[in-house]
């Protein structure tokens, strides 16, 4: 826009003032001072003039009111021009105090002109609004006033008032051309292009307007849809323009070519556009991106389209759709999914919306979807577009997606609602896979229900076979071993079994089921069959040999047992310790007593801290008794008592020493040993036997009176009720063996009521605990297990402690659980109980934020060969989480990497999230995105890690300069995962940061 020629305006104003001054001078020629003051005013010596006017006003010479009014008028005008405080008030006071002065209207006109010439248009308007137009004399002066008032309104962006006053200016007068030009601009600015062209046409020949109007004419041609003419006019004007106008003309030319679909010609001009205030809008990015798209330059198209943020109009929908297309052309499916999702959610163009939805659904099936499961998306498309020509294809994908999405929980919900014939195969598979998930989580009862549902379908017989296998596994986990055998056999007898991945472990698992049923011949047969398949799983192969040895041992086949134990010993695994012990014991049963002693002696030497060391030492003593070497037997038992003071064999060892002394006719020493057993282990079976043996000593020595006195002081001995004690217990035991649980419970309770300190009280408490535990009556089970655990270490201690720990863990009583677990850890002989105690101690410490102890136990578990993959994964996750919290990033990274090798379900999702996290920190942005996408595809059921992964993905995309992907993903996290406050907060923080940065270059972004 051209500036007003202020010099011209000023000269006009001054000439008017000169005329007025001359008239005033003519009015009172006798007032020389007044005339002198007027001369000073005209020479712009306003301070000197003001002083002199004040002197005249205050002198006695001012006898005429008009002279006084003129003085006040000039004093106020001088104040205005000198920028004195209260100057504006002086003008208003003049008008108020001298209402009849001929200079009243002129005063406002003069002040209007003064402020106009200074460019203070708001002040000019303030005084112009007080002028009475009809009082201005002379057309020229009126034109000037109207122009100044009209332009001031124009400057203040009041177009309607500006137009009203500019139209009053004589088009042929001194101010006419400028008025015409600005009237033309107002018409142009209000899109009244016909009037604008007419008005501009009147002044286009004038040099001072010609250059500026070249831009306006090109713009008007563009806005009226005459793109070819806009290009022609723009090309003529572009090299004559200022940098700012050149940028705008480049936009006009480029967009005109764009609208004419000449995209290759549009590109260079669109690129030359600098934006408004150095910012582009979403529309600008769209046009450049689309031009690149039509030129098949998809990477450049992406670079522009992905700068379109917060778009919510038809242009944005079109841009996001073509952004998706560009991503597909460059094989970026994850990014394409987001772009198509966005376009499908916008309703400006129904065709684009439908096609975008189609692509979004197909990609959800192909690569997974972090926001919704693929079946949900596919179902939504079919429901929304039932007449789509792609309906059949989408229905086929839907059926398959129930399996490929691996979000079996959500898929099951959908399938339960729609069990049509076409979905029955999917239903069979989904119930099967969901059952596997629940089995892995330890939710066995629910898993069992799902395997039963899968078995009802029989669409794919291979999955029917597999469901039988996993039902057997579940029944085994529920301690229903007979039922487990039944379903293992059903699986085994199916024609499809050999084609399934489970088949390789069938004999092993079936053998264990028979082993739990104490059907050792059948168990041995299947363990043997398993070892003959040369399994690659070393741990299972060694374990199978170990249990094969045990089965043969129990059934008296000692040489075959030793052959099996030898296989274990050759493996050089942690099971060697147990195998060596069992092999040594076996020698005793084949009359190789000396070899037994040698092997056990070597065992004690090699494994002094073994939980079996006290067993071995006891057996050495027993074997020396068998071979008649009583001195060495006594020495062996002494070693046991000294080295293993808390051994469960302690009472037996002392009892054996007593018997050795008794058989050696050392009555006194024998009696001492028997009494020690009674004193130290009252109520135990050893104590009962010791009392009976002591009775023989007293009888031999003829001191039955002493025996009677001694035995009366023993509360646990009811001598006259011995047979009743035995009969009562055996009656209850018979019911237990026959699985008559209610009768067995009643029998054992009756026994304990009648014989609370009976010889079988320990066993009664243990079996009551077992039955109550199986019935989930944990309160009663706890009471009886505690009775067993409070006794000295015995054959039932380990199982009782394990069960107590289970009860306390179920009840979340971590304080009691920790005490029992630590005791179990120290006393357990069975490796699985050590694994059980260690893993749960680890978890408790972790939950209590005792990371040092949690870490110690986790590392210990990783060294346990009997720990299964799930337990080891639990240990690894503790190590990973603890290391991460402690800032040990490399350690955490390694632990999570190890977890990924075997983890399933939520652990795998967590490990993948951290894999993505670490890769982001290492600037491996694309690799990080692959890990996040894997969560979406394979672990979509675990939404927390999916949501956290999306934030990492957004950071990756922003680092890769894809602002659209970053902001769109974060927007969707905020909308779709409100249940995770920490995730939403982080997403919002990241989104605010990105938008703040992007707003620096994109004017369409609101903050």
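List of remarks:
- Condition met for residue 602 (modelled with pLDDT of 95 or more, closer than 27 Å to residue 559 by Cα and surrounded by fewer than 21 Cβ atoms within 10 Å (Cβ to Cβ)): yes
- If the condition is being crowded, with 18+ Cβ neighbours inside 10 Å and in a helix (DSSP H, G or I), then the range 680-692 contributes 685, 686, 687, 688, 689, 690, 691.
- Test: residue 331 is out of contact with any strand residue (DSSP E or B) (no Cβ under 7 Å at 6 or more places or on another chain), closer than 30 Å to residue 932 by Cα and free of Cβ contacts under 8 Å to residues at least 12 places away in the same chain: yes
- Number of residues in the range 742-757 that are buried (at least 16 other Cβ atoms within 10 Å of the Cβ) and in a helix (DSSP H, G or I) equals 6.
- Tally, over the range 841-886, of residues that are in contact (Cβ under 8 Å) with a residue 40 or more places away in the chain and over 25 Å from residue 831 (Cβ atoms): 0
- Residues of the range 747-778 satisfying the condition of being in contact with a helix residue (DSSP H, G or I) (Cβ under 8 Å, 6 or more places away or on another chain) and over 21 Å from residue 715 (Cα atoms): 747, 766, 767, 768, 769, 770, 771, 772, 773, 774, 775, 778
- Checked against the criterion of being at pLDDT 85 or above, over 24 Å from residue 133 (Cα atoms) and buried (at least 16 other Cβ atoms within 10 Å of the Cβ), the candidates 40, 47 yield just one match: 40.
- Condition check for residue 572: closer than 20 Å to residue 863 by Cα, out of contact with any helix residue (DSSP H, G or I) (no Cβ under 9 Å at 6 or more places or on another chain), surrounded by fewer than 16 Cβ atoms within 10 Å (Cβ to Cβ) and modelled with pLDDT under 95: yes
- Residues that are more than 19 Å from residue 897 (Cα to Cα), touching a strand residue (DSSP E or B) at 6+ places or on another chain (Cβ under 9 Å) and not assigned by TED's automatic domain parsing to the domain that holds residue 309 are absent from the range 941-954 altogether.
- Selection within the range 941-983 - surrounded by fewer than 24 Cβ atoms within 10 Å (Cβ to Cβ) and not in a helix (DSSP H, G or I): 941, 942, 960, 961, 977, 978, 979, 980
- Here the helices (runs of 4 or more DSSP H) wholly within the range 551-630 that include at least 2 residues being more than 22 Å from residue 525 (Cα to Cα) and in contact (Cβ under 8 Å) with a residue 12 or more places away in the chain are 576-589, 593-606, 613-626.
- Condition met for residue 476 (assigned to a helix (DSSP H, G or I), in the same structural domain as residue 490 (by TED's automatic domain parsing) and over 34 Å from the mean Cα position of the chain (by Cα)): yes
- Screening residue 325 with (1) surrounded by fewer than 24 Cβ atoms within 10 Å (Cβ to Cβ); (2) assigned to a loop (DSSP other than H, G, I, E, B); (3) outside the structural domain of residue 243 (by TED's automatic domain parsing) gives one miss only, at (2).
- Long-range neighbours under 9 Å by Cβ, at least six apart or interchain, first residue more than 13 Å from residue 318 (Cβ to Cβ) within the range 340-352, second assigned to a loop (DSSP other than H, G, I, E, B): 341/369; 341/371
- Residue 57 surrounded by fewer than 15 Cβ atoms within 10 Å (Cβ to Cβ), closer than 24 Å to residue 108 by Cβ and at pLDDT below 85: no
- Residue in the range 887-901 that is touching a residue at least 60 places away in the same chain (Cβ under 8 Å), touching a helix residue (DSSP H, G or I) at 6+ places or on another chain (Cβ under 7 Å) and either within 20 Å of residue 306 (Cβ to Cβ) or in a helix (DSSP H, G or I) (or both) present: no
- Test for residue 441: is it free of Cβ contacts under 8 Å to residues at least 24 places away in the same chain and closer than 29 Å to residue 407 by Cβ: no
Table: residues versus (1) under 36 Å from the mean Cα position of the chain (by Cα); (2) within 25 Å of residue 904 (Cβ to Cβ).
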{"site": "444", "(1), (2)": "yes, yes"}
{"site": "447", "(1), (2)": "yes, yes"}
{"site": "465", "(1), (2)": "no, yes"}
{"site": "483", "(1), (2)": "no, no"}
{"site": "492", "(1), (2)": "no, no"}
{"site": "520", "(1), (2)": "no, no"}
{"site": "527", "(1), (2)": "no, no"}
{"site": "530", "(1), (2)": "no, yes"}
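- Helices (runs of 4 or more DSSP H) wholly inside the range 229-307 that include at least 3 residues being under 37 Å from the mean Cα position of the chain (by Cα) and surrounded by fewer than 24 Cβ atoms within 10 Å (Cβ to Cβ): 282-294, 298-305
- Boolean, residue 1000 is surrounded by fewer than 22 Cβ atoms within 10 Å (Cβ to Cβ), in contact (Cβ under 8 Å) with a residue 12 or more places away in the chain and out of contact with any helix residue (DSSP H, G or I) (no Cβ under 8 Å at 6 or more places or on another chain): yes
- Matching option when the condition is assigned to a helix (DSSP H, G or I), without any contact (Cβ under 8 Å) to a residue 40 or more places away in the chain and surrounded by fewer than 19 Cβ atoms within 10 Å (Cβ to Cβ), among 486, 471, 518: 486
- For residue 709: the one exception among (1) over 26 Å from residue 772 (Cβ atoms); (2) at pLDDT 80 or above; (3) assigned to a loop (DSSP other than H, G, I, E, B): (3)
The values are calculated or read from the model by the stated rules, or taken from the named source; none is laboratory data. All of these numbers come straight from a predicted model, not from anything done at the bench. For neighbour counting, all protein chains shown are included, and Cβ atoms are generated from backbone atoms with ideal geometry for every residue, glycine included.
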